[in-house]
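The block underneath contains the structure these notes are about, expressed in structure tokens.
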Amino acid sequence: MSIRVSEDGRQFFLETKTSSYRMKADELGTLRHLYYGEKSGGDDLPALFHAVPRGHDANPHETGMKDRDYGLESIPQEYSGFGGADYRTTALRARFEDGTRTVRLRFESYRIEAGKYAIPGLPAAYDDRGDAETLVITLRDAETGLKAELYYAVFEEADVITRAVKVTNETAGTVTLEKCASLALDFPARDYDLMTFFGRWAKERTPERVKLAHGIRAVQSLRGASSLQYNPSALLLAPETTETSGEGYGIAFVYSGSFLLEAEKDPAGDVRLQLGIHPDLFSWKLAPGECFYAPEALLTWSNAGVSGISHHFHDFINRSIVRGKWRDAERPVLLNNWEGTYFHFDGEKLVAMAKAAAEIGVNLFVLDDGWFGKRDDDRSGLGDWQPNEAKIGCSIRELGEKVRAAGTAFGIWFEPEAVSEDSDLFRAHPDWAIAVPGREPSLARYELLLDLGRKDVQDRLIEDISSVIRASGAVYLKWDFNRSISDRYSAALPADRQGEFDHRYMLGVYRVLETLREAFPELLIEGCSSGGGRFDAGMLYYTPQIWTSDDTDPIERLMIQYGTSMIYPVRTMGAHVSASPNHQTGRKTPLHTRAVVAMSGTFGFELDVTKAPEEEKAEMREELETFRALYGLLQFGDLYRLLPPTDENCTVWEQAAKDGSRALLSTVRHTAHAARVLSGFQVQGLKDEAMYRVRMVREKDVEKLDDTSKTLFDGRTVSGRALRTAGLYVPVTCFPEEYEAFQILIEEA
Ligand code: GLA
């Protein structure tokens, strides 16, 4: 049983494999947060926790004359309302019909439900192996009747707790929600570091770890998407926590729209973490009886360092967020024509690329932007999803057939949410594009967005996309989204509901994706947003993989994939081998380096393979064979980041089989230095007592090594204990080369 309740029905014990979560409703009905952390057996734990008054606290009236120490601003709480006497950032803010905004939530009841709850219209983790149980705690603002149900699903084996909130208007009048966080979590006064992720185009999810100072540190998106700039996820770490040791918490939003993630350290040192829809772009009108669902957030704890948190999230996302056939099945290795041709192709070129791709072992050819409407550059055509038969020289059905005859499956790109002003769709439905009446909307990449909150827009997209998939026989869809929302207004909403725009937009995107998933259950959808601008657990519920970044330079990718991997699994990260010199940076790198980096993602190609000389094609084939041979380890192994991309010499990471029987090390040198040093690291995830053979994956790499490295990396047997304690070093070559990469396989002897 992962959920227990005390006999009086007011104390709640949530247990995962390694963690405990405790809360209790006190005598005034405040739902107090007591503890979240290492598994703690005793039911007496609540006795150990104590809220210390801040001094001159505001006391609820019922205690005021008896207990001047009871203050809502000092009590750790599960979900706190705005407008009362909790002066920290609060989770729920509502405006009542009489204009008042005070909400004081008190415990009313609880219920336990078997399995995992679902949320209508929204992505949410699921349980298909009997791991989850759900606790629902009902809180109510007694004076108005507003009801908040807090959902906690405990995934015991996975070590993850999910949270979501349902607010129901049981008042006599209309209520407007102004903030409704999905997750609120209070921590006792201790020092914490917060790791968040910042970025921009071609530089997504750089991790930034700071010591939490007094005040509020927040990251957010006001862009209508989770964004390139900040990710809706964070790690709260003890200051001494490293990659492989120490404790910490991870949170991740199962939502893809505007968000606010706040960490408030109050003047007494307590920390409150909150994550939810961004209140600046949110208000939601509820008539009596109506309810609102706040999206889900994931929560985990580990004392195995940052990698422990990552492993929990990786396994959970792979297992309980990603759905359908492509959750477990081996995914196709694709070649995408974008960097190979950009907009400049014809049907013959495409088929030639598919044929050359098939020759190197690729099994899916993806036709990117430019196949539809009038679209030879990015100034026109979006919204006109009718294939440009003059350009491709045949119908889309025939093109699909030709590509299959060339030896690969067929996949296709869409940017469904966007519309060009120069398009038939815009000319026919100018009101479908997002713009404020009387104002010229801003363009981004020359485009506007469609009002996805409208059902007629959603239905049109479902119809347009479905007909292309059916006609072409596409097995893969790249769903792109290349600008942020601005100039918000929906002709379909009354004035007092315009604040619902962003969330209704997201619900619309999810509805279109879900409808397509149901209609085409075998279709593999890859998310994309100017690279990785909408990389979140919400999208992963519909799109098992997401293009990580438009930056395909393997050296720049080291940091992008490193940061992304803090929360998201290797298996979700779109990664391709592209041309050298790289189109974004001009950097020249060996093919092997590009392949090693792309293998710690979905692995694919994005270059004009028809132009590659035979020996290069042979090398590509070889890399692809290596990827397939190591597929299980690369895609499902436990990832350890052994040397970070900020290291002076090398980035090193490891994927270890869960049973400790083997591991793959990948090393990439940043620059060549004349003054050489050993880049050492300790190998993780092996069995101390077992003996392992250490060898280079490519035999020919042994030739490059100096004599000492040769004796080690050419099949030497070493104990798991020695690999963990003394460790290994990046193989030393006779002539250090810039950007050289190695893969080292460690297998139980
Ligand atoms: C975005 C995507 C790219 C590519 C182009 C096409 O930039 O991130 O991968 O699909 O659009 O226009």
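For the stretch 99-118, name all the residues that are within 21 Å of Pro295 (Cα to Cα) and of a type in the set (Ser, Thr, Tyr). Show your work before the answer.
Narrowing the stretch 99-118 to residues within 21 Å of Pro295 (Cα to Cα): 103, 105, 110-118.
Those that are within 21 Å of Pro295 (Cα to Cα) and of a type in the set (Ser, Thr, Tyr): Tyr110, Tyr117.
Looking only at the stretch 460-484, filter to residues that are within 28 Å of the chain's Cα centre (by Cα) and of a type in the set (Ser, Thr, Tyr); which one of those is most open to solvent (accessible area, probe 1.4 Å)? Of everything passing the filter in the stretch 460-484, Ser484 is most open to solvent (accessible area, probe 1.4 Å). Consider the stretch 403-423 and keep the residues that are assigned to a helix (DSSP H, G or I) and farther than 16 Å from Trp371 by Cβ. The one that is farthest from the ligand (Cβ to nearest atom) is Ala405.
Among the conditions (1) within 16 Å of the ligand (Cβ to nearest atom); (2) open to solvent by 10 Å² or more (accessible area, probe 1.4 Å), Glu389 misses just one, which is (1). Only one of the numbered conditions (1) open to solvent by 10 Å² or more (accessible area, probe 1.4 Å); (2) not in a loop (DSSP other than H, G, I, E, B) is not met by Pro332, and that is (2).
Which of the strands (runs of 3 or more DSSP E) contained wholly in the stretch 690-749 include at least 1 residues that are open to solvent by less than 10 Å² (accessible area, probe 1.4 Å)? Outline the logic, then answer.
Working: elements: 691-696, 714-719, 741-748.
Counting at least 1 such residues, we get 691-696, 741-748.
Only one of these is in contact with a Pro (Cβ under 7 Å, 6 or more places away or on another chain) and within 25 Å of Ile119 (Cα to Cα): Val154, Val254, Val167. Name it. Please lay out each step first, then the result.
On the way: Val154 fails: in contact with a Pro (Cβ under 7 Å, 6 or more places away or on another chain); Val167 fails: in contact with a Pro (Cβ under 7 Å, 6 or more places away or on another chain).
None of the others qualify; the one that does is Val254.
In the set (1) under 18 Å from Phe605 (Cβ atoms); (2) open to solvent by less than 60 Å² (accessible area, probe 1.4 Å); (3) within 31 Å of the chain's Cα centre (by Cα), Phe343 fails one condition alone, (1). Restricting attention to the stretch 277-288, the residues being open to solvent by less than 30 Å² (accessible area, probe 1.4 Å) and either farther than 12 Å from Ala218 by Cβ or out of contact with any Lys or Arg (no Cβ under 7 Å at 6 or more places or on another chain) (or both) number 6. Among the residues of the stretch 359-392, those that are of a type in the set (Gly, Ala, Ser) and either within 27 Å of Asn482 (Cβ to Cβ) or touching a Phe, Trp or Tyr at 6+ places or on another chain (Cβ under 8 Å) (or both) comprise Gly370, Gly373, Ser380, Gly381, Gly383, Ala390. Within the stretch 346-371, the set of residues being open to solvent by less than 20 Å² (accessible area, probe 1.4 Å) and away from the ligand (no atom under 12 Å from the Cβ) comprises Gly347, Leu350, Met353, Ala354, Ala356, Ala357, Ile360, Val362, Leu364, Phe365.
A search for C-beta distances below 8 Å between a residue of the stretch 563-574 that is part of a loop (DSSP other than H, G, I, E, B) and any residue that is of a type in the set (D, E, K, R), counting only pairs 6+ apart in sequence or on different chains, returns Ser565/Arg641; Met566/Arg205; Pro569/Asp315.
Any residue at all in the stretch 300-319 that is assigned to a helix (DSSP H, G or I), among the polar types (S, T, N, Q), away from the ligand (no atom under 16 Å from the Cβ) and open to solvent by 10 Å² or more (accessible area, probe 1.4 Å)? Yes, some residue in the stretch 300-319 is assigned to a helix (DSSP H, G or I), among the polar types (S, T, N, Q), away from the ligand (no atom under 16 Å from the Cβ) and open to solvent by 10 Å² or more (accessible area, probe 1.4 Å).
The set of residues from the stretch 452-475 being out of contact with any Asp or Glu (no Cβ under 7 Å at 6 or more places or on another chain) and either within 16 Å of the ligand (Cβ to nearest atom) or among the β-branched types (Val, Ile, Thr) (or both) comprises Ile462, Ile465, Val468, Ile469, Ala474. Within the stretch 429-447, one or more residues are open to solvent by less than 10 Å² (accessible area, probe 1.4 Å), within 16 Å of the ligand (Cβ to nearest atom) and touching a residue at least 40 places away in the same chain (Cβ under 8 Å).
Within the stretch 485-513, restricting attention to residues that are assigned to a helix (DSSP H, G or I) and free of Cβ contacts under 8 Å to residues at least 60 places away in the same chain, which residue is most open to solvent (accessible area, probe 1.4 Å)? Walk me through how you get there before you give the answer.
The initial filter retains those residues of the stretch 485-513 that are assigned to a helix (DSSP H, G or I), namely 495-513.
In the following step, the residues that additionally are free of Cβ contacts under 8 Å to residues at least 60 places away in the same chain were identified as 495, 498, 504, 508, 513.
Details: Ala495: 95, Gln498: 45, Arg504: 71, Gly508: 1, Leu513: 0 Å².
Here the residue is Ala495.
Which residue, of Lys166, Lys179, is surrounded by fewer than 21 Cβ atoms within 10 Å (Cβ to Cβ), under 26 Å from the mean Cα position of the chain (by Cα), basic (Lys, Arg) and at pLDDT 95 or above? Among Lys166, Lys179, only Lys166 is surrounded by fewer than 21 Cβ atoms within 10 Å (Cβ to Cβ), under 26 Å from the mean Cα position of the chain (by Cα), basic (Lys, Arg) and at pLDDT 95 or above. For the stretch 529-549, the set of residues classified as within 14 Å of the ligand (Cβ to nearest atom) and part of a loop (DSSP other than H, G, I, E, B) consists of Ser530, Gly531, Gly533, Arg534, Phe535, Thr543, Thr548, Ser549, listed by residue number.
Answer yes or no as to whether Gly400 is away from the ligand (no atom under 16 Å from the Cβ) and either in a loop (DSSP other than H, G, I, E, B) or surrounded by 21 or more Cβ atoms within 10 Å (Cβ to Cβ) (or both). Yes, satisfied.
Just give me the residues in the stretch 568-590 being touching an Asp or Glu at 6+ places or on another chain (Cβ under 9 Å), among the hydrophobic types (A, V, I, L, M, F, W, C) and open to solvent by less than 10 Å² (accessible area, probe 1.4 Å), in sequence order. Of everything in the stretch 568-590, just one residue is touching an Asp or Glu at 6+ places or on another chain (Cβ under 9 Å), among the hydrophobic types (A, V, I, L, M, F, W, C) and open to solvent by less than 10 Å² (accessible area, probe 1.4 Å), namely Val577. Considering only the stretch 620-654, state which residues are surrounded by fewer than 18 Cβ atoms within 10 Å (Cβ to Cβ) and either over 22 Å from the mean Cα position of the chain (by Cα) or of a type in the set (S, T, N, Q) (or both). Arg621, Glu622, Glu625, Arg628, Ala629, Thr646, Asp647, Glu648, listed by residue number.
Within the stretch 550-562, if we keep just the residues that are part of a loop (DSSP other than H, G, I, E, B) and open to solvent by less than 10 Å² (accessible area, probe 1.4 Å), the residue that is farthest from the ligand (Cβ to nearest atom) turns out to be Asp553.
The values are calculated or read from the model by the stated rules, or taken from the named source; none is laboratory data. These figures come from a predicted structure and were not determined experimentally. Cβ atoms come from the backbone with ideal geometry, glycine included; neighbour counts cover every protein chain shown. In case anyone asks, the SASA skips ligands and DNA or RNA and just uses the protein heavy atoms, side chains included. Shrake-Rupley method; radii C 1.70, N 1.55, O 1.52, S 1.80 Å.
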